[in-house]
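Below is one structure; the comments refer to it alone.
The values are calculated or read from the model by the stated rules, or taken from the named source; none is laboratory data. Everything numeric here is computed off the predicted structure, so don't read it as measured data. Cβ placement follows ideal geometry from the backbone for every residue including glycine, while neighbour counts extend to all protein chains displayed.
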Amino acid sequence: MGFIIELLIAFFLIVSGIFGVVGSYGMIKLKDPMSRLHAPTKATTLGVGGVLLASICHSVLIEEHLSLHELLITLFLFLTAPITALFIAKWHIHRHEKPSDLPDAGEDELWATHAVEQVEDVPDHSKS
Amino acid sequence: MIYYAILFAFACFGAAIMMCLWRIITADGVGTRVLALDTMVINTIALLILYGLNLGTEVFFESAMIIAMLGFVSTVAYARFMLRGNIIE
Amino acid sequence: MIRLLHRIFPHPHLTLLLTIVWVLLANNMTLNSLVFGLILGIIIPFITQPYWPDRPKLRNWPMVVEYILVVLWDIVVANVTVARVILFKRDADRQPAWICVPLELRTPEAITVLAGTITMTPGTVSSDLSAQGHNLLVHCLDAPDPDAVRDQIKSRYERRLKEIFE
C-alpha cells in the first residue's frame, strides 16, 4: 500500500515538472507574442496544480493529518491567471493589431480596446 | 522514490525559470517581458511548495501565497501601465 | 422570520465561502477556527452589503458541479494537446487564429466565468470583448478548423453557464 501511495505522489510530481518545463519551453519556441500567452496557462493549471496535489496527498496519506490549504493557492491562481492574460492580450491588441486585422465584431462593430481608443485619448507608447 | 521525483521536479522547474530568464533577456517587446515575469512567478510558487515538501514543513505555504498575490498585483500594475500610461488615474 | 434571516445573512454563499477560506487558511479543523470563520463570514457580508446591489442568483447547483468537472477534465485533455503542439509541431505548420464567439449570455458574472474558463483551458485565450459586450474575441494556439473551436465553446461551456446563471 505504501508503495502505491509513493507511486501516486511521484506520478503527480513528474507530470507537473514535465508540464511546467513544456510551458516555459513554449515561451522560447513560439515566435509570435500572442501565441506565447498560452504558455503560462499550462504552467498554472497542470504545473502548479500537480505539485499542490502531490503536497496534499503527501500530508494526508503519509503524514496522516488533513492539510488542504494548498487548495487556496490553486483557487487563487485560477482566479488571477485569466485577469493577467486578459491584460496582456489587451496590451497586444492596443499596440499591434488594427481593427481590420481582427475578425468582425458583429453588431458592435469594434472590439472594446479599439472602441476605448476612439473615445478617449489613450497615450501612444509605440515610439518608446 | 518520492525523493527522486522531487529532485526531478526541482530540475524541471529550475530549467523553466532559466528559460523564462532567457526570454526576458531576448524579448522583442515589453509585453513578452511581463509575460515571462508572470510565468517565472508561477514557477517560483511551484518551487517553494516543492521545497516545503522536500523539508516536510508547511512554513513555506505562507510565502508561496504571498508571492502569488504580489506576482498578480505586480503583473496587473505593469500591464495597466503599458496599456494606459499610468496605474492609478 | 425569513426576512430576519435575510437581514442577518444578506449573502449566504459569501458567508459559506469566507468560512471555508478561513478554516483552510488556519489549516486546523477545530471548533475555534470554525467559529471565528463564521464570525468573519457574518460580519463581512453584513458590512459590504451596499456594494452588492444585484448579485447573481445561481439556479442549478448540480449543473455547477457538472460544469466544474467538465472544465477540469477539459484542462487535462487540452494540456496534453497543447504540449504535443509545442513539442512536436514546427512553428511554420502551426495555424494560430482569432475567433469571434457570439455570446448569448448577458449577465456580467456569467461572461466573466466563461472568459476565465476559456483562458484556463490551454490552447485558447480570451482576449477582448466587443464594445457592447455581445461578442468575445478568442485567440487559438493551433486551430485548423476555427468554427469547430467556436462550436465547442458554445456547446460545452456556454450552454451550461446559461442554465446556471439565467
Query raised in the report: Would you say A:K42 is part of a helix (DSSP H, G or I), within 9 Å of chain B (Cβ to nearest Cβ) and among the charged types (D, E, K, R)?
Result: no
Requested in this report: Return the residue satisfying two criteria in turn: it lies in segment B:15-48 and is over 12 Å from the mean Cα position of the chain (by Cα) and touching a residue at least 12 places away in the same chain (Cβ under 8 Å), and of such residues it is nearest to A:I28 (Cα to Cα).
Outcome: B:R23
**Report entry** Any hit, segment C:144-151, residues being surrounded by 15 or more Cβ atoms within 10 Å (Cβ to Cβ), at pLDDT below 85 and within 12 Å of chain A (Cβ to nearest Cβ)
**Finding:** yes
**Report entry** Residue, modelled with the lowest pLDDT, within segment A:19-34, restricted to residues that are in contact with a Gly (Cβ under 8 Å, 6 or more places away or on another chain) and not aromatic (F, W, Y)
**Finding:** A:P33
Report task. Of the numbered conditions (1) over 14 Å from A:H69 (Cα atoms); (2) at the interface with chain A (Cβ under 8 Å from one of its Cβ atoms); (3) not charged (D, E, K, R), B:Y78 fails exactly one; give the number of that condition. Result -> (2)
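If you go through segment C:55-71 one residue at a time, do you hit one that is β-branched (V, I, T), without any contact (Cβ under 8 Å) to a residue 12 or more places away in the chain and farther than 30 Å from A:P33 by Cβ?
yes
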Report summary line: Of those in segment C:64-95 that are surrounded by fewer than 18 Cβ atoms within 10 Å (Cβ to Cβ) and among the polar types (S, T, N, Q), the residue farthest from A:L53 (Cα to Cα) is C:Q95
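At least 2 residues that are of a type in the set (G, A, S) in each: list the helices (runs of 4 or more DSSP H) lying fully within segment C:82-166 that qualify. Step through it out loud before you land on a result.
Details: elements: C:108-120, C:146-153, C:159-165.
Counting at least 2 such residues, we get C:108-120.
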Query raised in the report: Any residue at all in segment C:26-47 that is surrounded by 15 or more Cβ atoms within 10 Å (Cβ to Cβ), in contact with a Pro (Cβ under 8 Å, 6 or more places away or on another chain) and closer than 21 Å to C:T119 by Cβ?
Result: no
Requested in this report: Taking the options B:T32, B:T44, name whichever one is at pLDDT 90 or above, part of a helix (DSSP H, G or I), of a type outside the set (F, W, Y) and surrounded by fewer than 23 Cβ atoms within 10 Å (Cβ to Cβ).
Outcome: B:T44
Report summary line: Result of the Cβ filter at 9 Å on segment A:16-34, keeping first residues that are facing chain B (nearest Cβ under 7 Å) and partners that are among the acidic types (D, E), at least 6 apart or interchain, is A:P33/B:D28
